[in-house]
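Okay, structure first, notes after.
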Amino acid sequence: QVHLVESGGGLAQPGGSLRLSCAASGSISSINTMGWYRQAPGKQRDLVATITNDDTTNYADSVKGRFTISRDNTKNTVYLQMNSLKSGDTAVYYCYLGSRWTLHDYWGQGTQVTVSS
């Protein structure tokens, strides 16, 4: 089993920055994809960014150039640096881990990000 713990969410002004962290623990395969998804009220959960164990990244078009995903494999932690925040970034952000060995997906509990003036 894998447990994901998120931190770093909160309130930011438009144009501001936040840094999200997600630490994974448990039985973690070294071959995996980690990332972030977000869900606003009344909308479906959408991909924000993912990163593989060999650092291949994928970003939603809406966050390209503003958000940066990274990971520290020694700490089993994934980060999301969010810059130039917009009101449209307001959502609950969920950490994700997909094992490429067991083909099982894991999700964090979610952390609220609110962008408001």
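The values are calculated or read from the model by the stated rules, or taken from the named source; none is laboratory data. Every value quoted in this text rests on a predicted model; they were computed, and no experiment measured them. Don't worry about glycine lacking a Cβ; one is built from the backbone with ideal geometry, like all the others, and counts go over all protein chains shown. Note: areas computed on protein heavy atoms with side chains; ligands, DNA, RNA excluded. Shrake-Rupley method; radii C 1.70, N 1.55, O 1.52, S 1.80 Å.
Being outside any loop (DSSP other than H, G, I, E, B) and either open to solvent by less than 40 Å² (accessible area, probe 1.4 Å) or among the acidic types (Asp, Glu) (or both) is the filter here; which residues of region 23-34 pass it?
If the condition is that a residue be outside any loop (DSSP other than H, G, I, E, B) and either open to solvent by less than 40 Å² (accessible area, probe 1.4 Å) or among the acidic types (Asp, Glu) (or both), then ALA24, ASN32, THR33, MET34 are the ones that fit.
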Practice task
Starting from region 12-26, keep only residues that are more than 30 Å from GLN1 (Cβ to Cβ), then list their pairs with residues that are of a type in the set (Ser, Thr, Tyr) whose Cβ atoms are within a distance under 7 Å, requiring at least 6 positions of separation or different chains.
Solution key: GLN13/SER117; PRO14/SER87; PRO14/SER117; GLY15/SER84
Practice task
Kindly state which strands (runs of 3 or more DSSP E) lie completely within region 35-99 and contain at least 1 residues that are at pLDDT 95 or above, within 20 Å of PRO14 (Cα to Cα) and open to solvent by less than 60 Å² (accessible area, probe 1.4 Å).
Solution key: 46-52, 67-72, 77-82, 91-99
Practice task
Being open to solvent by 60 Å² or more (accessible area, probe 1.4 Å) and outside any strand (DSSP E or B) is the filter here, so list the residues in region 100-115 that pass it.
Solution key: ARG100, TRP101, THR102, LEU103, HIS104, GLN109
Practice task
Would you mention how many residues in region 25-53 are within 14 Å of LEU97 (Cα to Cα) and more than 12 Å from the chain's Cα centre (by Cα)?
Solution key: 10
Completion exercise
The residue from THR52, THR57, THR68 that alone is more than 24 Å from GLY16 (Cα to Cα) and polar (S, T, N, Q) is THR52
Practice task
Being in a strand (DSSP E or B) and either open to solvent by 30 Å² or more (accessible area, probe 1.4 Å) or under 10 Å from ASN83 (Cα atoms) (or both) is the filter here, so list the residues in region 1-11 that pass it.
Solution key: HIS3, VAL5, SER7, LEU11
